[in-house]
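The values are calculated or read from the model by the stated rules, or taken from the named source; none is laboratory data. Computed from a predicted structure; not experimentally measured. So basically every Cβ, Gly included, is an ideal-geometry build from the backbone, and we count neighbours across all protein chains shown.
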Amino acid sequence: MTYRPGAGSVLIQSPAQCRVSAGPGPTANLRRIDPTVYEYDEKHQAGAPERRRPGKRMFPEGTGPAPDPAGSHFERRIRSFQPRRSRVTSGQADALKRLWPKWGLDIDGQRTLDLAELFGRDCPVVLEIGFGMGEATAQMAAAEPGTGILAVDVHTPGQGNLLNLADRNGLSNIRVANGDAIILLREMLPPACLDGLRVYFPDPWPKKRHHKRRLIQPEFLTLAATRLKPGALIHCATDWEPYAEQMLEVLTAHPAFENTREDGGYAPRPSFRPLTRFEGQGLDKGHVVRDLLFRRTHPEPAGPDEAAGPDEAAGPGETARRDETAGPV
Ligand SMILES: C[S@@+](CC[C@H](N)C(=O)[O-])C[C@H]1O[C@@H](n2cnc3c(N)ncnc32)[C@H](O)[C@@H]1O
């Protein structure tokens, strides 16, 4: 009979194997099944992040956002957001029930999206990561009806609020994605499909031990670059000065992006970006807001023996196109 390991466990052939991934870790979580097979409980290995218990569904399947759409497939990674249980008002719950089947999608990491199908037409598509309550998203969608806005967040009340705003204002160009933007970018979006990327006031993670959770990092930019069309804009804003400095540093250093500012610095807030809710809170505390507008460079054509993806193909010697009057991304 085939032995099936328990949840969070794997079968290995030697105790040495559990030390490969876990370092010189404990073997207490090792159970001998037969002379050559051991069950290793990865879940309890030293330093491993705790597995989350599956969330309780607020809406029956298919009628609203799932509590953990990617399930256990992509659990072992550092998250840039804090899962929070916030109260969903009856108006938000009603919008989620009515509009989720039409305009919502769960980030389950299981399929590649066809953006023309998602928006019901061929149009430029901009991804906004972390729309919060979605007021700024709705305003921008209203100002650019010809652009599809793919807005992603994990925050259920915000998803309901944005759907409500879209419905009340007749905005058919917004799609609300529920889950981790990294999984959306990595698993569900085809290469070079986005005309812009917006990251407004991402969680600043001020404590040093949390800096690794900040979204704008070299690895994130490398992933984002593969999904952006050449010439597409990435627009970030923050009111947290040390994070602004980090953003400027990593964006400037990344070979796939170039600053739209001739002086290589921050941009003034472009008129197309409305004030956001989080920004308002920062301004009330006297924070200075920084905008950063960078452009995806044009990758050099890959040589015949170059198997590299778009990131590796983009080198520092690419033609720099600078444009002071960057329009909406
Ligand atoms: C500080 S709030 C800012 C919200 C809004 N942009 C504003 O300015 O009011 C950051 C938001 O990003 C979301 N977020 C952070 N990382 C995310 C990720 N990897 N995928 C989806 N949403 C994320 C959080 O849930 C949160 O709602």
Looking only at residues in segment 266-290 that are hydrophobic (A, V, I, L, M, F, W, C) and away from the ligand (no atom under 13 Å from the Cβ), which one is surrounded by the fewest Cβ atoms within 10 Å (Cβ to Cβ)? V288
Which listed residue, of R168, R175, R198, R87, is at pLDDT below 95, closer than 25 Å to E279 by Cβ and not acidic (D, E): R87
Go through the residues of segment 217-226 one by one and say whether even a single one is among the aliphatic types (A, V, I, L, M) and more than 20 Å from the chain's Cα centre (by Cα). no
Looking for something under 22 Å from R186 (Cα atoms) and crowded, with 17+ Cβ neighbours inside 10 Å - is there at least one such residue anywhere in segment 82-102? no
Say whether the condition of being at pLDDT 95 or above, under 23 Å from P124 (Cα atoms) and among the charged types (D, E, K, R) is met by at least one residue in segment 286-293. yes
Could you tell me whether any residue of segment 249-259 is within 16 Å of the ligand (Cβ to nearest atom) and either free of Cβ contacts under 8 Å to residues at least 60 places away in the same chain or within 17 Å of A136 (Cβ to Cβ) (or both)? no
Just checking, does segment 302-325 include any residue being at pLDDT 95 or above and of a type in the set (S, T, N, Q)? no
So the check is Cβ under 6 Å with 6+ separation or different chains; which pairs have a first residue in segment 182-207 that's touching a residue at least 12 places away in the same chain (Cβ under 8 Å) and of a type in the set (S, T, N, Q) and a second one that's more than 15 Å from the ligand (Cβ to nearest atom) and in a strand (DSSP E or B)? none
Between residues in segment 122-138 that are free of Cβ contacts under 8 Å to residues at least 24 places away in the same chain and residues that are more than 8 Å from the ligand (Cβ to nearest atom), which pairs lie under 6 Å by C-beta distance while being six or more apart or on different chains? D122/A116
